[in-house]
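K.L.:
Right, I'll just put the structure down here and ask away after.
The values are calculated or read from the model by the stated rules, or taken from the named source; none is laboratory data. Only a predicted model underlies this, so the values are computations on that prediction, with no experimental measurement involved. Cβ: placed from backbone, ideal geometry, glycine included. Neighbour counts: every protein chain shown. Only protein heavy atoms, including side chains, enter the accessible area calculation; ligands, DNA and RNA are left aside. Shrake-Rupley method; radii C 1.70, N 1.55, O 1.52, S 1.80 Å.
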Amino acid sequence: MNLCELLETHRLMAVVPADDPEPALASIRVLVEAGVRLIEVPLTSRDAVGVLLRAHAELGGDAVLGAGSVLTDADVVQVEQAGGAFVVTPALVPAVAESVRLNLPALVGALTPAEVVSASLAGATAVKVFPASLGGPDYLRTLREPFPTVPFVPVGGVDLDAALAYLDAGALAVGIGAPLLGDAPHGGDLAALRRRAATFRSALT
């Protein structure tokens with residue numbers, strides 16, 4: 001799997017919390033049906049691994065599932081065993097080396113130029129600009145000047161308008177949570193999620 005190619009094609013990675021397993025799974029189904037195939041489930045969620053396992057078993061190749069907030073070697077192994085296709089970290093953490101060892105693509109969190117260099121040298125598949133809202137699209141545009149070949153994926157405080165601005169500034173893709181998911185992962189309105197997913201897909205791809 002070439003994660004960068006998928007990110008460039010889909011331009012959108014949905015971040016789905018999994019504290020409530022059934023609504024989280026239902027949200028993932030709706031997203032995939034709407035064409036949002038790249039899904040991150042943060043390990044900070046109470047039942048992230050269980051949701052990954054069930055979603056992978058049910059959706060198979062229709063979804064590209066990964067885990068966020070991955071920190072340790074053990075986290076990486078757990079994600080891989082649950083069928084996760086990639087990991088996302090908040091920073092350069094021990095999990096990065098383990099993901100490289102297991103040939104599991106990693107979006108590695110970074111914000112400063114020094115952190116971008118460290119993430120790239122450590123084997124990051126792409127650099128997650130986090131929290132993106134601290135600098136916004138103008139910061140990403142500036143950051144790309146010394147790193148024109150680094151694939152950047154802004155995450156954190158990204159809504160639809162910001163997503164468009166980040167892509168215009170040279171982002172490979174964006175990661176979006178609440179502005180896309182709304183209350184759906186917590187038992188809320190799945191129909192509204194379906195409409196938002198269609199809107200995001202139409203605007204970003």
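K.L.:
Once you keep just the Cα pairs under 8 angstrom separated by 6 or more residues, what percentage relative contact order results for the chain?
P.N.:
In percent, rounded to a whole number, it is 23.
K.L.:
Sticking with this structure for a sec: How high is the relative contact order of segment 88-140, in percent, with contacts defined as C-alpha pairs under 8 Å that are six or more residues apart? Show your work: numbers first, answer last.
P.N.:
Numbers: 73 pairs, mean separation 18.5, N = 53.
Reported as a whole number, the value is 35 percent.
K.L.:
Could you pull out the trypsin sites (Lys or Arg not before Pro) across segment 1-97 that fall in loop regions by DSSP (anything but H, G, I, E, B) with no more than 15 other Cβ atoms inside 10 Å?
P.N.:
Numbers: sites: R11, R29, R37, R46, R54; in loops: R11, R37, R46.
Qualifying residues, ordered by number: R46.
K.L.:
For segment 25-31, just list the computed ³J(HN,Hα) in residue order, Karplus coefficients 6.51, -1.76 and 1.60, θ = phi - 60°, integers in Hz, with x standing in for Gly and Pro.
P.N.:
The phi angles translate into 5, 4, 5, 5, 4, 4, 4 Hz.
K.L.:
Could you sort D168, D20 by their accessible area in this structure, using a 1.4 Å probe and putting the largest first?
P.N.:
Highest to lowest solvent-accessible surface, that is D168, D20.
K.L.:
How do H56, H186, H10 stack up against each other in accessible area, from largest to smallest, with a 1.4 angstrom probe?
P.N.:
H186, H56, H10
K.L.:
So what are the ³J(HN,Hα) numbers for segment 93-103, from phi and the Karplus equation (6.51, -1.76, 1.60; θ = phi - 60°), rounded to whole Hz, Gly and Pro as x?
P.N.:
Couplings: 10, x, 4, 5, 4, 5, 5, 5, 4, 8, 6 Hz.
K.L.:
Measuring from label point to label point, each 7 Å out along Cα→Cβ, what is the R195 to A178 span in nm?
P.N.:
2.1 nm
K.L.:
Bins of 10 Å, beginning at zero and ending with the bin holding the largest distance: percent of Cα pairs per bin for segment 62-174, please.
P.N.:
Bin by bin from 0 Å, the calculated values are 16, 46, 31, 7.
K.L.:
Another one. Nearest 20 debye, what's the magnitude of the dipole of the chain about its Cα centre given +1 on Lys and Arg Cβ and -1 on Asp and Glu Cβ?
P.N.:
With only Lys, Arg, Asp and Glu charged at Cβ, the dipole is about 300 debye.
K.L.:
Can you list residues from other chains, or at least 5 along the same chain, whose modelled amide H is less than 5 Å from the amide H of V174?
P.N.:
Sorted by chain and number, the residues that satisfy this are L12, M13.
K.L.:
Tell me, what is a quarter of the convex hull surface for the C-alpha atoms of segment 62-113, in nm² with one decimal?
P.N.:
3.7 nm²
K.L.:
Contour minus end-to-end for T112 and A91, with contour as 0.36 nm per residue of separation and end-to-end as the Cα-Cα distance?
P.N.:
Contour length minus the Cα-Cα distance gives 6.5 nm.
K.L.:
Taking segment 1-125 as the region of interest, what is the percent of Cα-Cα pairs per 10 angstrom bin, listed from the shortest bin to the one with the maximum distance?
P.N.:
Final binned percentages: 14, 47, 32, 7, 0.
K.L.:
State in Å² the accessible area per residue of the chain; use a 1.4 Å probe, count heavy atoms of protein chains only, and round to the nearest integer.
P.N.:
Numbers: 8470 Å² over 205 residues.
It amounts to 41 Å² per residue over the chain.
K.L.:
Something else: Search the structure for amide H atoms under 5 Å from the amide H of A124, placed 1.01 Å from N in the peptide plane, and list their residues when 5 or more places away or on another chain.
P.N.:
Close amide H contacts, sequence-distant or interchain: none at all.
K.L.:
L38's amide H: which non-local residues (gap 5+, or another chain) put their own amide H closer than 5 Å, with H modeled 1.01 Å from N in plane and none for Pro or chain starts?
P.N.:
For L38, the qualifying residues are A14, V64.
K.L.:
Further question: Which is farthest toward the positive dipole end of the chain among A122, A171, A106, measuring Cα position about the Cα centre, with Cβ charges +1 (Lys, Arg) and -1 (Asp, Glu)?
P.N.:
So the residue we want is A171.
K.L.:
Taking the Cα atoms of segment 91-157, report the difference between the largest and smallest coordinate on each principal axis, in whole Å and largest first.
P.N.:
35, 24, 16 Å, listed from the longest principal axis down.
K.L.:
Calculate what fraction, in whole %, of the accessible area of the chain sits on carbon and sulfur atoms when a 1.4 Å probe is rolled over the protein chains.
P.N.:
55 percent
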